[in-house]
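Presented below is the structure to which this report refers.
The values are calculated or read from the model by the stated rules, or taken from the named source; none is laboratory data. Keep in mind that this is a model prediction, so the values were computed, not measured. Note that each Cβ is placed from the backbone with ideal geometry, even for glycine, and that neighbours are counted across all protein chains shown. Accessible surface is based on the protein model in full, side chains and every heavy atom, while ligands, DNA and RNA are left aside. Shrake-Rupley method; radii C 1.70, N 1.55, O 1.52, S 1.80 Å.
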Amino acid sequence: LSAYDLATEMWFQKGDPSAPVLTNWERPWRKYGGDNPTTLYLSAPVSPGMTYRLRGPIGDAVYAGVQVYTRGPGYNAPSANLSDRALLGDGRDIDIQIGGEAPADGRGWLPLVADDYLVMVRLYHREPPAGEHGLTITRVGEADGPALTWAQRADRAEEFFREEIASTLAVTETLRAAGVNAYPPPDAPVHQPRYTGALFPTLDNVYDGFYVQLQPGQALLLRGRAPAARFWSFVFYDRWFNTPDFPRHRCYLTGSDMVLDADGGYEAILGPEDPGHPNWIDTAGLTEGIFAIRCLLPEDKRLPESRVVDLHALRPSTTKGIH
């Protein structure tokens, strides 16, 4: 239902690049494809023959980035990118041109080349945003062809819906094959998902994940050191690569949430039962899913050690805090 809802809004209702409208991907009731609860993902269709203007405030976001995507054979490839200070300057507003010739007034610019078809804005916050965003995208000048018909939009929505489901299944199966309850060693075989046509990586992020499989009474104990990055988060996803109901279940921790020890290390516990630990990642009763770390503009990144533990044997010590 989430995939269908996203596909119809994104490519049927708002799918014409001659009259673009931003789609907010993630809602508490609509999640998809490795959503991050504290991030706004906003996308709009674009055409290389047209010029657009993207502008508006970023609120209290700790990061803003704009990424253009090109169609590859079965996947989406990052194309032009603007982020961080190159995008914002000293202010809290975005005002950039997408496509066309580089503006003479020095405004930020993202070129569009052949096969570019989508632009995505990412706004990272420390807590899930409470209100709507204030960004808009408009076409500047004439369109380079007729508007898409409703039939063409319906075909694109159906294609994307099928890709969403196939991509989600492929990511889950790939992570399960690569390793369970721990990151694979550096010399492990590389596993690539067969379908990634509805996933949209960004050049500013590094993602690491593995499949989680617990028995009743078990939890996953994670120990490591905080990465040096603009933003980082630990997130638990279900088997469909979507977060559980995060307004009710704290299925994620950001760098600002994590309680660290005096040396910058951390201990976190992931599982379905509350261990009384300050760094608990709540799986909302699930014993299977995906654990992922997201590091934004990383300068130094170290993956944590993980092991399965008996939660009931662990609980008395964890209530005392970090060790």
Exercise. In the Gaussian network model of the chain, springs joining C-alpha atoms below 10 Å, which of Trp25, Trp11, Trp150 carries the largest mean-square fluctuation?
Worked result: Trp150
For this session: Kindly report the accessible area of region 63-212 per residue (heavy atoms of protein chains, probe 1.4 Å, no ligands, DNA or RNA), in Å².
Result: 52 Å²
Exercise. Sorted by accessible area with a 1.4 angstrom probe, largest first, how do Arg225, Arg30 fall?
Worked result: Arg225, Arg30
Problem set entry | For region 94-110, 3J(HN,Hα) per residue [Karplus equation, 6.51 cos²θ - 1.76 cosθ + 1.60, θ = phi - 60°, Hz, x = Gly/Pro] | 9, 8, 10, 9, 10, x, x, 7, 4, x, 6, 7, x, 4, x, 9, 10
Seminar exercise, completed: Taking Cα pairs closer than 8 Å and at least 6 residues apart, the relative contact order of the chain in percent is 19 percent
Problem set entry | Fraction of accessible area attributable to carbon and sulfur, the chain (%, probe 1.4 Å) | 52 percent
Exercise. In debye to the nearest 20, how big a dipole does region 44-172 give about its Cα centre with +1 on each Lys and Arg Cβ and -1 on each Asp and Glu Cβ?
Worked result: 100 debye
Exercise. Taking the Cα atoms only, what angle lies between the long axis of helix 150-178 and the longest principal axis of the chain, rounded to 10 degrees?
Worked result: 30 degrees
Exercise. If you plug each phi of region 225-230 into the Karplus form 6.51 cos²θ - 1.76 cosθ + 1.60 with θ = phi - 60°, what whole-Hz ³J(HN,Hα) values come out, in order, with x for Gly and Pro?
Worked result: 10, 4, x, 8, 7, 4
For this session: Report the FRET efficiency, 1/(1 + (r/R0)^6), for Val113 and Val140, where r is their Cβ-Cβ distance and R0 is 30 Å, rounded to 0.05.
Result: 0.95
